[in-house]
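This report concerns only the one structure given below.
The values are calculated or read from the model by the stated rules, or taken from the named source; none is laboratory data. Remember, predicted model here, so these are calculated numbers, not experimental data. Reconstructed Cβ throughout: ideal geometry from the backbone, glycine too, with neighbour counts over all protein chains shown. SASA here: full protein model, heavy atoms, side chains in, ligands and nucleic acids out. Shrake-Rupley method; radii C 1.70, N 1.55, O 1.52, S 1.80 Å.
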Amino acid sequence: MVRSQAVKIEKNKGETVRKRLKELGMLKTHLLPKKNDENIFLPIHDGKKIGYQIVEMDFEEKKRKPRSYKDVLNLPPELQELLPTSYDIIGDIALIKIPDEILGYTKEIGNAILSVHKNVKVVCLSKPVAGEYRTRDVEVIAGEKRTTTLHREYGVELYLDVEKTFFSPRLAGERHRIAGLVKKNETVVDMFTGVAPFAIMVAKQGSPKIVYAIDKNPDAIEFAKKNVIHNRVIDKVEVIQGDTHEIVKEFVDKGVKANRILMNLPFSAQNFLNDALLIAEDGCVIHYYDVLNEEEIDNRISFLKKTSKNVKLEVKSIRTIKTYAPREFYTCFDITVTHMPA
Ligand SMILES: C[S@@+](CC[C@H](N)C(=O)[O-])C[C@H]1O[C@@H](n2cnc3c(N)ncnc32)[C@H](O)[C@@H]1O
C-alpha cells in the first residue's frame, strides 16, 4: 500500500476528471483508484488546488508487466548491476553469458528470462564461440532440456542446434542485404555455410543459378540439408560437406566459376582468399567477414591485396555489422575481383 493525496469526486464525473488529471500530468498512474458507493478517489501528485476535495489515503500499486528480466530479480545491489543487459534469442532459446561473480544465480536468471519472454522455452548459459567449427559450450539453466530449435528470419526457417552449430541472429540484416545484391543467374559460393542461413536467404530472395553451400562441420551440414529441403530450395542450393580448401580444388577440376563468394569465417578467412580467387569469375564480388578494430582495417586490406596474385582487388565498401568486443567489430568488406592479363 502507498499513502497518497487523492481527489474525491462523484462517481458519474470520475472518468472525465481522471482523463483531465492524466492530461495535466497530475494523476499517479502507478496506483489503483479506489471507490465507494458515491465517490471515486483518484490518487494525485501532491500540490496544486484544483477545485475538488483533496483527501489522503492508502492505495494499492498496479501490477506492472516487467519490461526486463532484471526487474524480476532481486539480487544484492552490487551484484544486480553485473546482470547482462542483452542476450541472443535463437528460435525459442535464449543464450546468455553470465559473469563469474553471479554464476551462483544462474537458475534465478534463467527463470526471470522465461517469465518476461512468453516465446522463450529454454534458457542456456553460453560460453563464447570457439574452435574450428565456431561452436559454443552451453548449459541449459531453465526451461525445457534441449538445445535444438527452429529460428525464423525474413521468411526463412532454420533448424539448428545452438551447441553443435554456429548461428548468430544478429547477422539477419546482413543476410538480407546480400540476398538483395544477387543478380539473376549468378553462381554463388558460400565457403563457410554453417546451417546455410546465407545460402537459403540468397536462394529464396535472389534469383541465383546455383548456390554451393560448403561446411566442414558434419552437424552443421546435416541441419543445412534439412533446411534446404524445408525451405524448398533444393533446386537452387547444393550442400557440400568438407574442407573448403579441398572442395575448391574439386571446383577447379570441374571448371566451376563463381560470380559471388561469401567468406564468413572471421579470424581465418584470410587463409582462404587464394582459394576464393581460384574460382572467382572476372568481376566476382567477394563478401569477406572479419573481426577487427578500426586501426586494423587498412592493414588487413593491404595484406589481402598483397596476398592475391594476378588479380586486382577493389574494396567497394566496408560495413560494421555488430560489436564483437569492446572496440572490435564484425566487419564486412565487399571486394570486386578483376583479372589482370598474365
Ligand atoms: C562463423 S561460422 C559461419 C556460418 C554461417 N555462414 C552463418 O552465418 O551462420 C563459420 C563456419 O565455417 C565452418 N568452417 C571452419 N573451417 C572450415 C573449413 N576449413 N572448411 C569448411 N568450413 C569450415 C565452421 O564449421 C562454421 O560453421
How much FRET efficiency would the formula 1/(1 + (r/R0)^6) give for V311 and H176, where r is the Cβ-Cβ distance and R0 is 25 Å, rounded to 0.05?
-> 0.30
Relative to the longest principal Cα axis of the chain, at what angle does helix 14-23 sit, 0 to 90 degrees, rounded to 10?
-> 50 degrees
Using alpha carbon centroids, what distance separates segment 29-80 and segment 277-342, in Å?
-> 57 Å
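Would you mind counting up the charge near A6? Only other residues with Cβ under 9 Å from its Cβ, with Lys and Arg at +1 and Asp and Glu at -1. Can you show the working numbers first?
Details: positive: K8, K28, K34; negative: E56.
Taking every other residue near A6 into account, the sum is +2.
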For the chain, which whole percent of the accessible surface, found with a 1.4 angstrom probe, sits on carbon and sulfur atoms?
-> 49 percent
What aspartates and glutamates sit close enough to K65 to cross-link, taking a C-alpha to C-alpha distance under 19 Å and skipping anything fewer than 8 places away on the same chain?
-> E108
In terms of the Cα gyration tensor, with a ≥ b ≥ c the square roots of its eigenvalues, is the chain rounded because a/c is under 1.5, prolate because a/b exceeds b/c, or oblate?
-> prolate
Taking only Cα atoms, what is the 0 to 90° angle, nearest 10, from helix 172-181's long axis to the longest principal axis of the chain?
-> 50 degrees
Sequence of E153, E60 from largest to smallest accessible area, 1.4 Å probe | E60, E153
By how many degrees, between 0 and 90 and to the nearest 10, does the Cα long axis of helix 218-230 differ from the longest principal axis of the chain?
-> 80 degrees
Would you calculate the separation in nanometres between label points at T336 and E101, each defined as 7 Å from the Cα along the Cα-to-beta-carbon direction?
-> 5.1 nm
Counting only protein heavy atoms and leaving out ligands, DNA and RNA, the solvent-accessible surface of M57 at a 1.4 Å probe, in Å² to the nearest 10, equals 40 Å²
Under 20 Å from K316, Cα to Cα: aspartates and glutamates that are on another chain or at least 8 residues apart | E174, E186, D190, E281, D282, D290, E294, E295, E296, D298, D334
Can you check what the net charge comes to around I240, using other residues whose Cβ is under 9 Å from the Cβ of I240 (Lys, Arg +1; Asp, Glu -1)?
-> -3
Restricting to Cα pairs under 8 Å and 6 or more apart, the percent relative contact order of segment 28-169 works out to 17 percent
Pull up the DSSP beta bridges for segment 166-339 and report the antiparallel fraction as a percent, rounded to 5.
-> 55 percent
List the lysines whose alpha-carbon lies under 19 Å from that of K254, not counting same-chain residues fewer than 8 positions away?
-> K209, K236
Can you bin segment 2-59 into rounded, prolate or oblate? Criterion: square roots of the alpha carbon gyration tensor eigenvalues sorted a ≥ b ≥ c, rounded for a/c under 1.5, prolate for a/b above b/c, oblate for the rest.
-> rounded
Using a/c under 1.5 as the rounded threshold, could you call segment 69-146 rounded, prolate or oblate? The axes a ≥ b ≥ c are square roots of the C-alpha gyration tensor eigenvalues, and prolate needs a/b larger than b/c, oblate otherwise.
-> oblate
Sorted on mean Cβ neighbours within 10 Å (highest first), peptides 185-193, 95-103 come out as 185-193, 95-103
Hey, how many Å between the Cα centroid of segment 86-119 and the Cα centroid of segment 172-237?
-> 31 Å
The correct ranking of R20, R327 by accessible area at 1.4 Å, largest first, is R327, R20
Could you rank K209, K63, K28 by how accessible they are, 1.4 Å probe, largest area first?
-> K63, K209, K28
By how many nm would the segment from E38 to E56 lengthen if fully extended, with 0.36 nm per residue of separation less the alpha-carbon distance?
-> 4.7 nm
Could you grab the relative contact order for the chain? Cα pairs under 8 Å, six or more apart, rounded to a whole percent.
-> 9 percent
FRET efficiency (R64, M1; Cβ distance; R0 22 Å; to 0.05) is 0.85
Given 0.36 nm per residue, what is the gain on full extension from T323 to K183 after removing their alpha carbon distance, in nm?
-> 47.4 nm
If one builds a Gaussian network model of the chain from Cα atoms under 10 Å apart, the most fluctuating residue listed among Y154, Y289, Y52 is Y52
